[in-house]
Amino acid sequence: MRLSGKALIFCFFLAAPAFAHHGGGVEYFMDQTRGPVTGTVTGFAFTFPHPYIEFEVKNASGAIEKWAAVFQPTPTNLRAAGWTRDSVKPGDTLTVSGPPHKSASNVIFARRVEINGKLLEQGGGGN
Amino acid sequence: MRLLAVLVFPGLFAAGVSLQQKFDPRDLSGHWDRMSPIVSFSNVPGSGRGATVEAPFTPEGKKMNDANKPGYGPRRGTTRNDPLGRCEPLGLVRHLSTEIVEPHNTFEIVQLPNRILQFFEYRHDWREIWMDGRALPDPAKVDPKWNGFSVGRWEGDALVVDSVALDGRSWVDKFGYPHSEEMRLQERYRRVDADTLELVITITDPVVYSKPWSSDVKLMKLNRDKAKRWDEQIYCVPSEEFPFQRLIQSGNVIEP
């Protein structure tokens, strides 16, 4: 599908404010994708405004790095898509890909999330 | 002509009648969803999200505006001092012009014999509008409140609500427009059909704005389904909000 220049500008204004409160339009490179990154879950904050998963990744030299994957949808949105606060548990294997944070090297915007090899749909929404 | 329509298109006419639900224009009770694009106090009608009408600042108002660092809109940046990011109350005018998108874009109106209560889902806040004919307090004799003091009256089928003594720490909207504690706020609500509520807000604040500044026409849609579900109770919880902001390095001034 091709989008005209005007349509692209419209999409930008439509999307940017929705990301701007806590991430995305300002904090993330929304036109880039990082990952997939795989690690072991250490925590899941199923809280407003945006849930996030904390996880650990073993880097190339074998050292453990602390990471976080941040969702755009709110808990309400995720619940509508079938999530609960127990959908992600410490010890689970997380594979995530999405836009990278601009300054926090180990923070990623959780666009695609797999837990123990199973893709979890997020639905839409968020602010 | 209507008789002709009935004779010629009876099915169509019947359908039209059934779609036009009866409603009491003075009954505003229910859950009302703000319809996009309600992103700022005074959007440019038809412009989509992100464009606002230029505010008529006084020199002092311009200075106050420059001191506010929003995370949204044309002045958004990575260094911010939005009270929202500090879990401070949004204040009445920002509740009304709030930025929250579906599904947290609702306020509920409850009409009592002498008061109207308005509940804002996001931040789980509420305000009262006295309808018993009482006068507004003298702003010089009361302490300002985050949601101020409000009285309402009916002008025809328009509910007109006047408010004073609103705490000056709140922003008008997420784009960072300021107000002072001399602000007088007027809301005009009009239920234009069974499912649609209009709201126009006017700020009169000689400290910040050189003339009364009105919002665009905000539209709300009645959400009958939301009236059946549990309330989300969306508080701002410092022990959740601040770690999150540190995590994503939002640049907000998050601690006092």
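Would you mind stating whether B:Asp173 is loosely packed, with under 15 Cβ neighbours inside 10 Å and not polar (S, T, N, Q)?
Details: loosely packed, with under 15 Cβ neighbours inside 10 Å: no; not polar (S, T, N, Q): yes.
Criteria not met by B:Asp173.
Restricting attention to segment B:147-166, which residues are surrounded by fewer than 18 Cβ atoms within 10 Å (Cβ to Cβ), in contact (Cβ under 8 Å) with a residue 40 or more places away in the chain and not in a strand (DSSP E or B)?
If the condition is that a residue be surrounded by fewer than 18 Cβ atoms within 10 Å (Cβ to Cβ), in contact (Cβ under 8 Å) with a residue 40 or more places away in the chain and not in a strand (DSSP E or B), then B:Asp157 is the only one that fits.
Table: residues versus (1) touching a helix residue (DSSP H, G or I) at 6+ places or on another chain (Cβ under 8 Å); (2) among the charged types (D, E, K, R).
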position	(1), (2)
B:Glu182	yes, yes
B:Pro206	no, no
B:Arg224	no, yes
B:Asp231	no, yes
B:Ser239	no, no
B:Pro243	no, no
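For segment A:67-91: of the residues being more than 22 Å from B:Arg246 (Cα to Cα) and of a type in the set (S, T, N, Q), which is nearest to the other protein chains (Cβ to nearest Cβ)?
That would be A:Thr76.
Residue by residue, here is whether (1) more than 12 Å from chain B (Cβ to nearest Cβ); (2) free of Cβ contacts under 8 Å to residues at least 40 places away in the same chain; (3) surrounded by fewer than 22 Cβ atoms within 10 Å (Cβ to Cβ) holds:
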| site | (1), (2), (3) |
| --- | --- |
| A:Val37 | yes, no, yes |
| A:Thr47 | no, yes, yes |
| A:Ser61 | yes, yes, yes |
| A:Glu65 | yes, no, yes |
| A:Gln122 | yes, no, yes |
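Across segment B:193-241, which residue is nearest to the other protein chains (Cβ to nearest Cβ) among those that are over 23 Å from B:Asp66 (Cα atoms), surrounded by 13 or more Cβ atoms within 10 Å (Cβ to Cβ) and free of Cβ contacts under 8 Å to residues at least 24 places away in the same chain?
Result: B:Glu240.
Kindly provide the set of residues from segment B:66-91 that are assigned to a helix (DSSP H, G or I), more than 11 Å from chain A (Cβ to nearest Cβ) and under 12 Å from B:Trp171 (Cβ atoms), ordered by number. Step through it out loud before you land on a result.
Taking segment B:66-91 as the starting set, the residues that turn out to be assigned to a helix (DSSP H, G or I) are B:66-67, B:83-86.
From the residues that got through so far, the ones that are more than 11 Å from chain A (Cβ to nearest Cβ) too are B:66-67, B:83, B:86.
Passing the criteria: B:Ala67, B:Pro83, B:Arg86.
Any chance segment A:77-92 includes a residue that's of a type in the set (Asp, Glu), touching a strand residue (DSSP E or B) at 6+ places or on another chain (Cβ under 6 Å), closer than 22 Å to A:Glu27 by Cα and at pLDDT 95 or above?
Among the residues of segment A:77-92, not one is of a type in the set (Asp, Glu), touching a strand residue (DSSP E or B) at 6+ places or on another chain (Cβ under 6 Å), closer than 22 Å to A:Glu27 by Cα and at pLDDT 95 or above, which makes the answer no.
Which residue, of B:Val172, B:Val207, is in contact with a Ser or Thr (Cβ under 9 Å, 6 or more places away or on another chain) and more than 18 Å from B:Asn43 (Cβ to Cβ)?
Step by step, each of B:Val172, B:Val207 is checked, and only B:Val207 is in contact with a Ser or Thr (Cβ under 9 Å, 6 or more places away or on another chain) and more than 18 Å from B:Asn43 (Cβ to Cβ).
For segment A:92-117, how many residues are part of a strand (DSSP E or B) and either within 14 Å of chain B (Cβ to nearest Cβ) or of a type outside the set (Ser, Thr, Tyr) (or both)? Don't jump to the end; show me each part of the working.
So in segment A:92-117, the residues part of a strand (DSSP E or B) come out as A:93-98, A:100-101, A:107-109, A:112-115.
If we keep only those that are either within 14 Å of chain B (Cβ to nearest Cβ) or of a type outside the set (Ser, Thr, Tyr) (or both) as well, we get A:94, A:96, A:98, A:100-101, A:107-109, A:112-115.
Of the residues in that region, 12 qualify.
Residues in segment B:102-122: is at least one aromatic (Phe, Trp, Tyr), without any contact (Cβ under 8 Å) to a residue 60 or more places away in the chain and in contact with a His (Cβ under 7 Å, 6 or more places away or on another chain)?
yes
Looking only at segment B:15-52, count every residue that is at pLDDT below 85, within 25 Å of B:Gln118 (Cβ to Cβ) and hydrophobic (A, V, I, L, M, F, W, C) and tell me the total.
3
When the residues of segment B:207-256 are narrowed to those that are part of a loop (DSSP other than H, G, I, E, B), over 30 Å from B:Asp27 (Cα atoms) and of a type in the set (S, T, N, Q), which ends up modelled with the lowest pLDDT?
Among residues in segment B:207-256 that are part of a loop (DSSP other than H, G, I, E, B), over 30 Å from B:Asp27 (Cα atoms) and of a type in the set (S, T, N, Q), the one modelled with the lowest pLDDT is B:Ser250.
The values are calculated or read from the model by the stated rules, or taken from the named source; none is laboratory data. Quick caveat, the model's predicted, so the values are computed rather than measured. Ideal geometry is used to build each Cβ from the backbone, glycine not excepted, and the neighbour counts take in all protein chains shown.
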